[in-house]
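See below for the structure under consideration.
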Amino acid sequence: MTAPREAGDTGGPGGPSGAGDLRVGALIAGLVMLGMVVVWGLVVGDVADHRDLRYLLPLPWVLGGTAGLVALVVRDRGRRGLS
């Protein structure tokens, strides 16, 4: 059984400073949402045509996946002490 957490404790090695574990799922979701908003802004602002959507819509998913893989590798290296 684990000890109960104190208020403000993030559970990570950094303690309550906010430097705890990286939530990779939240990172990916945030980046994909931001990418979709950027694509929407490009189309609404007439910077990109609706025919460009087949090239623009996959970009947030690819960039979010790449960022997630990089975050997982960095997190794994930090846990193993290989940084």
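The values are calculated or read from the model by the stated rules, or taken from the named source; none is laboratory data. Values in this document were obtained by computation on a predicted structure and should not be read as measured data. Positions of Cβ are generated from backbone atoms using ideal geometry, with glycine treated the same way; all protein chains shown enter the neighbour counts.
What number of residues within segment 33-48 are of a type in the set (A, V, I, L, M), assigned to a helix (DSSP H, G or I) and surrounded by 12 or more Cβ atoms within 10 Å (Cβ to Cβ)?
So the answer is 7.
Residues satisfying the criterion are present in segment 19-32 (criterion: in a loop (DSSP other than H, G, I, E, B), surrounded by fewer than 12 Cβ atoms within 10 Å (Cβ to Cβ) and at pLDDT below 80). For the residues Gly64, Gly35, the requirement of being of a type outside the set (D, E, K, R), touching a residue at least 12 places away in the same chain (Cβ under 8 Å) and in contact with a Pro (Cβ under 7 Å, 6 or more places away or on another chain) singles out Gly35. Residues that are loosely packed, with under 10 Cβ neighbours inside 10 Å, more than 22 Å from the chain's Cα centre (by Cα) and assigned to a helix (DSSP H, G or I) do occur in segment 54-77.
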